[in-house]
Amino acid sequence: MKIFYLKCRPSNHPFPIVAWLIMLFQGMLPWRKESTSHRALLFTIGNTYAKVYDSNGSEGVNVSSFEDFITRYEIIESSQINASISKKDIYKWTEKVLNAKYDYLQVFGLFLKRAIGFISFNSIGKNYKAMTCNELVLNFIQHFKLSEIKVKDSDNWDLLMTDKLVDTIEMR
């Protein structure tokens with residue numbers, strides 16, 4: 001099984017205001033094609049199986065076929081996560097995270113942390129009981145111990161911090 005980390009942006013919405021706000025919040029310019037607002041995990045087996053796990057505001061953590069996913073998101077960058085994990089273990093993990101709600105409190109807490117700046121941590125998120133797209137990736141990394149970097153509170157991690165953590169895995 002191959003595992004890919006996907007950096008994406010919406011493709012099926014003429015005015016994705018929330019995505020633009022996320023990009024601006026992360027220091028990206030929404031009108032630049034390389035700017036992204038979404039993260040996902042793609043699991044493939046040969047040419048016959050391709051499932052994408054992601055978390056979004058309308059569905060929370062969900063699974064979709066690759067074909068369905070690319071009707072909603074444009075993949076700007078993908079990178080393979082080098083890990084030997086059995087299909088059975090991945091299936092067990094997906095059963096645990098599937099249908100978790102979207103973590104709006106984490107997004108709000110990160111906004112307050114950046115905007116106000118006097119709080120040093122985001123204490124209002126839900127950790128892994130509810131997840132944003134990057135928290136789903138962080139949960140995967142922590143569950144399978146793919147990085148030596150420990151994530152004590154996933155509610156304090158944004159997209160760019162998650163990208164840096166994934167980069168450490170690929171260099172292993």
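In contact with a strand residue (DSSP E or B) (Cβ under 9 Å, 6 or more places away or on another chain), more than 19 Å from S37 (Cβ to Cβ), among the charged types (D, E, K, R) and at pLDDT 90 or above - does that describe any residue in region 56-69? Lay out the reasoning, then the answer.
So the first thing to find is which residues in region 56-69 are in contact with a strand residue (DSSP E or B) (Cβ under 9 Å, 6 or more places away or on another chain), and the list is 56, 60-69.
Adding the requirement that they be more than 19 Å from S37 (Cβ to Cβ) leaves 63, 65-67.
Okay, now just the ones that are also among the charged types (D, E, K, R), so 67.
If we keep only those that are at pLDDT 90 or above as well, we get 67.
Yes: one or more hits.
May I ask you to list the residues in region 91-150 that are out of contact with any helix residue (DSSP H, G or I) (no Cβ under 8 Å at 6 or more places or on another chain), modelled with pLDDT under 80 and of a type in the set (F, W, Y)?
Correct list: F118 only.
With I76, I81, I116 as the choices, which residue is within 25 Å of M28 (Cβ to Cβ), of a type outside the set (S, T, Y) and exposed (fewer than 12 other Cβ atoms within 10 Å of the Cβ)? Write out each step before concluding.
Working: I76 fails: exposed (fewer than 12 other Cβ atoms within 10 Å of the Cβ); I81 fails: exposed (fewer than 12 other Cβ atoms within 10 Å of the Cβ).
Going through I76, I81, I116 in turn, just one is within 25 Å of M28 (Cβ to Cβ), of a type outside the set (S, T, Y) and exposed (fewer than 12 other Cβ atoms within 10 Å of the Cβ): I116.
Quick one: how many residues across region 20-50 are among the aliphatic types (A, V, I, L, M), buried (at least 16 other Cβ atoms within 10 Å of the Cβ) and either at pLDDT below 90 or assigned to a strand (DSSP E or B) (or both)?
First, pick out the residues of region 20-50 that are among the aliphatic types (A, V, I, L, M): 21-24, 28-29, 40-42, 45, 50.
Among the residues that remain, those that are also buried (at least 16 other Cβ atoms within 10 Å of the Cβ) are: 22-23, 28, 40-42, 50.
Now narrow it down to the ones that are either at pLDDT below 90 or assigned to a strand (DSSP E or B) (or both): 22-23, 40-42, 50.
Qualifying residue count, region 20-50: 6.
Looking at the structure I just gave you, is Y53 surrounded by 14 or more Cβ atoms within 10 Å (Cβ to Cβ), at pLDDT 90 or above and out of contact with any helix residue (DSSP H, G or I) (no Cβ under 6 Å at 6 or more places or on another chain)?
Numbers: surrounded by 14 or more Cβ atoms within 10 Å (Cβ to Cβ): yes; at pLDDT 90 or above: yes; out of contact with any helix residue (DSSP H, G or I) (no Cβ under 6 Å at 6 or more places or on another chain): yes.
So Y53 fits the description; yes.
Quick check, is S58 loosely packed, with under 13 Cβ neighbours inside 10 Å, in contact with a Leu (Cβ under 9 Å, 6 or more places away or on another chain) and within 30 Å of F15 (Cβ to Cβ)? Don't jump to the end; show me each part of the working.
Details: loosely packed, with under 13 Cβ neighbours inside 10 Å: yes; in contact with a Leu (Cβ under 9 Å, 6 or more places away or on another chain): no; within 30 Å of F15 (Cβ to Cβ): yes.
When the stated conditions are applied, S58 does not pass them.
The values are calculated or read from the model by the stated rules, or taken from the named source; none is laboratory data. Since this is a predicted model, take the numbers as computed values, not measurements. Counting neighbours? That spans all protein chains shown, and the Cβs are built from the backbone with ideal geometry, glycine included.
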